[in-house]
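Heads up: the structure comes next, in structure tokens.
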Number of protein chains: 2
Amino acid sequence: MNVPIIQSCCQPVLSEPLDGGEAIELAAAFKVLADPVRLLLLSLIANASAGEMCACDLVTPTGRSQPTVSHHLSILTDAGLLRREQRGKWVYFRVDPERIAVLRDALAPPSAGVVRNP
Amino acid sequence: MNVPIIQSCCQPVLSEPLDGGEAIELAAAFKVLADPVRLLLLSLIANASAGEMCACDLVTPTGRSQPTVSHHLSILTDAGLLRREQRGKWVYFRVDPERIAVLRDALAPPSAGVVRNP
DNA sequence: TCCTCATATCGATGGTTATCGATGTAACCA
DNA sequence: TGGTTACATCGATAACCATCGATATGAGGA
């Protein structure tokens, strides 16, 4: 997957018209969330007691092969939704809530925080 | 695309662990947003002066064929993100902001409105 | 240095979907 | 009734992506 880093790219969809480039960028960002395994990974990591999880503990609960889980963790990390930290042989992941907030903000209600006709 | 109606299915992803079914449902919902043409359609309709737009006026600004635009409008309508109203020969669409809010809420910050350990 | 284990990468495959031209359907009008 | 226009559906195609087994990489430990 072509995964650009998720960053604030535009006004909320419902508050101001998107141009073509913004639409492509936002769509790519939502595509990262459009997979059940990736949502499950985000949820597992976000709700882990230490706020982080070892990749080794993410294979079993997702029910996928180790390469598949590694693939999804890469996509989430490339998008900036996860932060990766290697400790010895192990890799730990934690969620970056600010990146998630960018996507959340793109869905803000109409005219929230936007002066349409100043 | 298999497009279930978008409805509140679960606690926010970052606040409580998802189960497999919830993850599948949420992923399908985000998949609806994971296309630039559909985001552009949502944006155009939400920002139209009358709060609605005729399908006939959505072909040119998206730069796609009429069948393709009709296809995407169907997906958005099936998901509940758009409301469809036929008036004579014409079909008008308006955004349902509550359905968008469901997706937005799924991305709520950790523990927002959720008591993790009561 | 060799072995083990955790993770990443590779190559192949099957399923999904965005897209289009052609055509069907249905509303309006003369 | 016949023509025109708006929209939906159909069938085909090309691109994309999740998935896996096999294998490479790289860190620790003996």
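The values are calculated or read from the model by the stated rules, or taken from the named source; none is laboratory data. From a predicted model like this one, the values you see are computed outputs, not experimental measurements. Backbone-built Cβ (ideal geometry, glycine too); neighbour counts: all protein chains shown. Side chains included, ligands, DNA and RNA excluded: accessible areas come from the protein's heavy atoms. Shrake-Rupley method; radii C 1.70, N 1.55, O 1.52, S 1.80 Å.
Would you check which residues across segment B:21-51 are open to solvent by 60 Å² or more (accessible area, probe 1.4 Å) and of a type in the set (Val, Ile, Thr) and list them? Explain how you work it out, then say what you get.
At the first step, the residues of segment B:21-51 found to be open to solvent by 60 Å² or more (accessible area, probe 1.4 Å) are B:24-25, B:31, B:49-50.
Of everything in segment B:21-51, just one residue is open to solvent by 60 Å² or more (accessible area, probe 1.4 Å) and of a type in the set (Val, Ile, Thr), namely B:Ile24.
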Boolean, B:Arg83 is open to solvent by 50 Å² or more (accessible area, probe 1.4 Å), within 16 Å of DNA strand C (Cβ to nearest atom) and either charged (D, E, K, R) or assigned to a loop (DSSP other than H, G, I, E, B) (or both): no
Check on A:Ala48, over 11 Å from the mean Cα position of the chain (by Cα), within 8 Å of chain B (Cβ to nearest Cβ) and more than 10 Å from DNA strand C (Cβ to nearest atom): no
Number of the condition not met by B:Arg104 [criteria: (1) of a type outside the set (Val, Ile, Thr); (2) touching a Cys at 6+ places or on another chain (Cβ under 8 Å); (3) not in a loop (DSSP other than H, G, I, E, B)]: (2)
Pairs where the first residue, in segment A:52-67, is surrounded by 15 or more Cβ atoms within 10 Å (Cβ to Cβ) and the second is basic (Lys, Arg), C-beta under 6 Å, 6+ apart: A:Glu52/A:Arg94
Selection within segment A:1-35 - facing chain B (nearest Cβ under 9 Å) and hydroxyl-bearing (Ser, Thr, Tyr): A:Ser15
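Kindly establish whether B:Asp96 is among the acidic types (Asp, Glu) and either within 14 Å of the chain's Cα centre (by Cα) or closer than 20 Å to A:Arg38 by Cβ (or both). Talk me through it step by step, then tell me what you get.
Details: among the acidic types (Asp, Glu): yes; either within 14 Å of the chain's Cα centre (by Cα) or closer than 20 Å to A:Arg38 by Cβ (or both): yes.
For B:Asp96, the condition - among the acidic types (Asp, Glu) and either within 14 Å of the chain's Cα centre (by Cα) or closer than 20 Å to A:Arg38 by Cβ (or both) - is met.
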Complete set of residues in segment B:2-20 that are exposed (fewer than 14 other Cβ atoms within 10 Å of the Cβ) and over 13 Å from A:Pro36 (Cβ atoms): B:Ile5, B:Gln7, B:Ser8
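For A:Ser70, state whether it is on the phi > 0 side of the Ramachandran plot and either of a type outside the set (A, V, I, L, M, F, W, C) or buried (at least 20 other Cβ atoms within 10 Å of the Cβ) (or both). Give the derivation first.
Working: on the phi > 0 side of the Ramachandran plot: no; either of a type outside the set (A, V, I, L, M, F, W, C) or buried (at least 20 other Cβ atoms within 10 Å of the Cβ) (or both): yes.
Considered against the rule, which asks whether it is on the phi > 0 side of the Ramachandran plot and either of a type outside the set (A, V, I, L, M, F, W, C) or buried (at least 20 other Cβ atoms within 10 Å of the Cβ) (or both), A:Ser70 comes out as no.
Can you name every residue in segment A:61-74 that is within 13 Å of another protein chain (Cβ to nearest Cβ) and either closer than 17 Å to A:Glu98 by Cβ or not in a loop (DSSP other than H, G, I, E, B) (or both)?
Step one: of segment A:61-74, the residues within 13 Å of another protein chain (Cβ to nearest Cβ) are A:61-64, A:72.
Listed by number, the residues that qualify are A:Pro61, A:Thr62, A:His72.
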